[in-house]
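The values are calculated or read from the model by the stated rules, or taken from the named source; none is laboratory data. Values in this document were obtained by computation on a predicted structure and should not be read as measured data. With ideal geometry, Cβ positions are generated from the backbone for all residues, glycine too; neighbour counts draw on all protein chains shown. Surface accessibility is based on the protein's heavy atoms, side chains included, excluding ligands, DNA and RNA. Shrake-Rupley method; radii C 1.70, N 1.55, O 1.52, S 1.80 Å.
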Amino acid sequence: MTSPKQVLKSIGPKLVPFFKTLAIYFVVFIPEDNPSLLAMFIKCLPVASLLLFVLMHGMSLGNEYAFSRRILIGLMFSCLGDGLLVWRELFLYGMVSFGIGHMFFISAFGFQPLNLSLGIPMYIASMFGLSVWLPQQTLIYKMTVPIYTALLVTMAWRAAARVRFFEDLWTWTKLCSCVGGFFFVISDAIIGFHMFYSPIPYGQVLIMTTYYAAQLGIALSVVDSKASYIREEESRKKKKQQRHLLLNEQEGGSIMAGSAGTDIRHRRIGSIEN
């Protein structure tokens, strides 16, 4: 398991662009009620820098980079969603873009182990939140927000399910994706409440702080994804070899047992004839 010290030493320099662009966003801090191309550009910079971070950890069409490719595409759609959400009238399109991004994140995180005991309470909590939020909304949001929420909660569930504390199979990078998934839920919950229910003091700061933390956590999950893939492939090969050996031993035992039985029958037949 990669230690936090090793992780920081390896990834620290590669995250410098992210923290610089993050500082630019909060220093310039264009209010949400003043949309512009400049606001869109500055808002997209931190996630764009995370795209660079993912690419710096290697990329190819090989299976060993399948996880990284999906995270990369998910971040791309998130970046597009960032730009669209600058304008309130494009909110629906931004939500669609983020929904597509979540589908790629879900694909990266996978469904093993399933851990339904974690997912079911998350879906129940999200349905309760929707039951409070949806009645005041227009028809289009009543139709689309539940779909987006299902994708968001599924993404967070799958990110959390990867962290198996009780089986000693967790890594720091998996923990980062788990934390990132939950920060994404928090950020989107604040957006829904702030924009469509009741304004929250310092709402934009809270939304963007939790959002950038979420994307950082998800991006960090690629750090040892290639090494994890190689370990899993080696483990699968060993298990396959062990199964073949076991089958060969069983077949060999059956053949020997059959030969011994035939020999005994021949002896019995010979003794009867005599």
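When Ala108 is tested against (1) open to solvent by 40 Å² or more (accessible area, probe 1.4 Å); (2) within 16 Å of the chain's Cα centre (by Cα); (3) under 18 Å from Val185 (Cβ atoms), exactly one condition is not met: (1). Against the test of being free of Cβ contacts under 8 Å to residues at least 40 places away in the same chain, open to solvent by 20 Å² or more (accessible area, probe 1.4 Å) and farther than 29 Å from Val28 by Cα, the options Ile73, Ile100 yield a single qualifying residue, Ile100.
Among the residues of the range 82-94, the one identified as crowded, with 22+ Cβ neighbours inside 10 Å and either touching a strand residue (DSSP E or B) at 6+ places or on another chain (Cβ under 9 Å) or assigned to a helix (DSSP H, G or I) (or both) is Asp82.
Residue-by-condition table, conditions (1) open to solvent by 30 Å² or more (accessible area, probe 1.4 Å); (2) under 11 Å from the mean Cα position of the chain (by Cα); (3) closer than 26 Å to Leu8 by Cβ; (4) touching a residue at least 24 places away in the same chain (Cβ under 8 Å):
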| site | (1), (2), (3), (4) |
| --- | --- |
| Leu116 | yes, no, no, no |
| Ser126 | no, no, no, yes |
| Ser131 | yes, no, no, no |
| Ile140 | yes, no, no, yes |
| Phe165 | yes, no, yes, no |
| Val179 | yes, yes, yes, yes |
| Ile191 | no, no, no, no |
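For the range 142-163, a tally of residues being within 20 Å of Val222 (Cβ to Cβ) and either open to solvent by 40 Å² or more (accessible area, probe 1.4 Å) or not in a helix (DSSP H, G or I) (or both) returns 2.
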